[in-house]
1. Exactly one condition in (1) outside any strand (DSSP E or B); (2) under 24 Å from B:Trp326 (Cβ atoms) is not met by B:Met155; state its number.
2. In contact with a strand residue (DSSP E or B) (Cβ under 9 Å, 6 or more places away or on another chain), polar (S, T, N, Q) and farther than 25 Å from A:Pro125 by Cα: which single residue out of A:Gln184, A:Gln158, A:Gln164 fits that description?
3. Based on this model, can you work out whether A:Ile246 counts as assigned to a helix (DSSP H, G or I) and either crowded, with 24+ Cβ neighbours inside 10 Å or within 13 Å of chain B (Cβ to nearest Cβ) (or both)?
4. So which residues in segment A:350-384 are more than 19 Å from A:Val40 (Cβ to Cβ) and part of a strand (DSSP E or B), if there are any at all?
5. Being closer than 22 Å to A:Asp273 by Cα and in contact with a helix residue (DSSP H, G or I) (Cβ under 8 Å, 6 or more places away or on another chain) narrows it down to one of B:Gly81, B:Gly126, so name that one.
6. Check segment B:181-201 and report whether any residue there is in a strand (DSSP E or B) and away from chain A (no Cβ under 12 Å).
7. Go through (1) touching a helix residue (DSSP H, G or I) at 6+ places or on another chain (Cβ under 6 Å); (2) buried (at least 21 other Cβ atoms within 10 Å of the Cβ); (3) closer than 27 Å to A:Ser42 by Cβ for A:Ser319 and report which single condition fails.
8. How many of the residues making up segment B:277-304 are touching a Pro at 6+ places or on another chain (Cβ under 9 Å) and more than 14 Å from every other protein chain (Cβ to nearest Cβ)?
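The values are calculated or read from the model by the stated rules, or taken from the named source; none is laboratory data. These numbers come from a predicted model, not from an experiment. Here the Cβ positions follow ideal geometry from the backbone for every residue, glycine too, while neighbour counts run over all protein chains shown.
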2 protein chains.
Amino acid sequence: MALIKNHDLTAVGWTYPEHILSLQPSVVREILKISNRPGVISFAGGLPAPELFPLDEIIESSKRVITKYKGDSVQYSLSLGLTALRKLLAERYSGKNEPTELDNIIITSGSQQAIEMVTRVFVEPGDTILTEYPTYVGALQIFQYHKANVVCADMDEQGLIIEQVEEKIIRYKPKMIYVVSTFQNPTGITMSESRRVALIELAEKYGVPLVDDNPYEELRFKGKHVPTLKSLGGDAVISMSTVSKILAPGLRIGWVNAKKELISILERIKQADDLHAGTLNQYIFLDFVQRGLLDPHIKRICADYGSKRELMLEEMERSFPKEVSWTRPEGGLFLWVTMPKHVSAQNIFDKAIARKVAFVIGQPFYPDGKTLNTFRINYATASKSDILEGIKRLGDILKESI
Amino acid sequence: MALIKNHDLTAVGWTYPEHILSLQPSVVREILKISNRPGVISFAGGLPAPELFPLDEIIESSKRVITKYKGDSVQYSLSLGLTALRKLLAERYSGKNEPTELDNIIITSGSQQAIEMVTRVFVEPGDTILTEYPTYVGALQIFQYHKANVVCADMDEQGLIIEQVEEKIIRYKPKMIYVVSTFQNPTGITMSESRRVALIELAEKYGVPLVDDNPYEELRFKGKHVPTLKSLGGDAVISMSTVSKILAPGLRIGWVNAKKELISILERIKQADDLHAGTLNQYIFLDFVQRGLLDPHIKRICADYGSKRELMLEEMERSFPKEVSWTRPEGGLFLWVTMPKHVSAQNIFDKAIARKVAFVIGQPFYPDGKTLNTFRINYATASKSDILEGIKRLGDILKESI
């Protein structure tokens, strides 16, 4: 009875749209594969340190919520997300000087989906998006998928250079501004308060939605809190975050905090897209917070990451040649290394892999792919002894190559 | 320092694309809200019966996999899904006469997302999709979102009327055919084997991707298994399913079974979209199957739904007037009631709600919204006493109204 049973690639001649075929698996993904080889000291990942996941507490929360909410804990649920979780997040924001109501929050399947859905609302093929240079590579994948034209403004240690932002807004009329304001992925840079205020003023003046992808906000282990874009800009800002860096990425729970009108639009997209985020996972996170475990857990993460960062910066001072500079983030997972213009990070990467140490080259984080002399280091995931050894090896390679 | 702090809808004048603004929360959603009012006997939901969720086993699986896989159980994971789970599904398909390899499977966040992603691959705005009349309302939401033109072929008790299919293919050149081949939502109809073969021949002849949304396949409690479209059509068919009806929808785990080329395209979309499906949830399902619990659990569900269906059909014979007809599905969750043309299901619904019994009117399942005299009944979720009482009340209303 069977007509065809083999899964032959050419048996059925379907055609696929060009913009989808041109979506390539990211370079970063390939680097991560290499860096995961046994024996390699990896500073490459965007991963939180796995030994810090509160596994026993997640088991306990999962048992508690299934016992408490019974069938509801694994049943279909609302596209906006669990009301109790949205309420809790709204209260958490409000308690941090960001007045937020239930209707300002929608739960998403991680903040990647949050970026994706918001992009779909504001960006049609051919439209322009303004970002930092460099920026989060996962966002660039989304923008490419939506056939957006990405233009950038440069950053310094205070974040986006505002003069460039206004110039590019006037010139390119972007439909959305996308930033990672705090402990940016990839650079670790945090935008200063005065830049934030200036950026919001521009977003308002020109009516451009300002998206703040803010997953690292709570991971500050040094320095003074900078008011969030959302707290400064209110309705002008669409803010998003996730449990990925403060609890566990595998739960795929994120959220958007934005004005109600937009949340109601995102609700309809979410419903058509995938109905709702995982019910059990939302309950687990809710329970974890309600039991008062989140803040102490974040403190533990910050202490760990902070001491690793300290150690790494000290070793970089000792081992890296003076021609190389790097950021000194006060939180988050990443720092950013800049080498002299003529030095290729790909070249350094190849040598590093030969000596079993890995990082992510900077190039894929630049929309134009034209900056070749930078790379990203994750200081949060490796052990302290690996940090010392890995940075020494990198220092040797840099000294030989520059 | 704050510029705006109120979440005023009009404070910032963003514009939204028309096709997104026109996405309305579904009528079905509204009906479900009404049907959930206390005291209402509801045959409305698309929900599995919650008392059949194996909650203790889900707790146990969650504990087992976190203990076994440690940090990996809640860490970032692959966009294709867990290799072990994909392998297990491939073996499960292969064991059921659908030769399937690892690379034919991608894990999605439920089968709603599977439909959405496949639609994005094949359908550009303005393209045509051919469906059954009526069809799954969640798919229609996706098609509307993608600005697709939906054309339909009628069904009889054997499923799609093939002559109409060919005529519509020639006339409208659809980019995709979407069917729910088995125990269809909403009608409960299963396409016969000869219709399946004929449909595949047309899909191949005209090179149109044939999507079989097949979540109810395993819920057969009567009659003889009909070979799946995928087993008959191989590469010509894109098949998708989910844990929603066989374990628990709140896990948001579904999958696509299709030729490798398409899976690799879907992988890239999934990565840009939301990185990957929930890691912990995938492990929970994997563990549940590996412990040998899935098949006995499906047997339990089938026994329960089968006996409720029996009871309901008997009571319908007794209570419904002879002018009304209905389907007698051999599996799944739903049956479909057709009244004389002049009778409005909305009118019957209003009367039913007044007597505290609910169902879903048929109209939203028709892409043209033009058929008004049908409605859907879920026989799986209500208790047996509610089934008897609810069908009696419905019978009274129908007798008074026809």
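1. Single failed check for B:Met155: (1).
2. That would be A:Gln184, the only listed residue that is in contact with a strand residue (DSSP E or B) (Cβ under 9 Å, 6 or more places away or on another chain), polar (S, T, N, Q) and farther than 25 Å from A:Pro125 by Cα.
3. Judged against the criteria, A:Ile246 is not a match.
4. The answer is A:Thr374, and nothing else.
5. Of the residues listed, the single one that is closer than 22 Å to A:Asp273 by Cα and in contact with a helix residue (DSSP H, G or I) (Cβ under 8 Å, 6 or more places away or on another chain) is B:Gly81.
6. Scanning segment B:181-201, I find no residue that is in a strand (DSSP E or B) and away from chain A (no Cβ under 12 Å), so the answer is no.
7. (2)
8. Total satisfying the criteria: 2.
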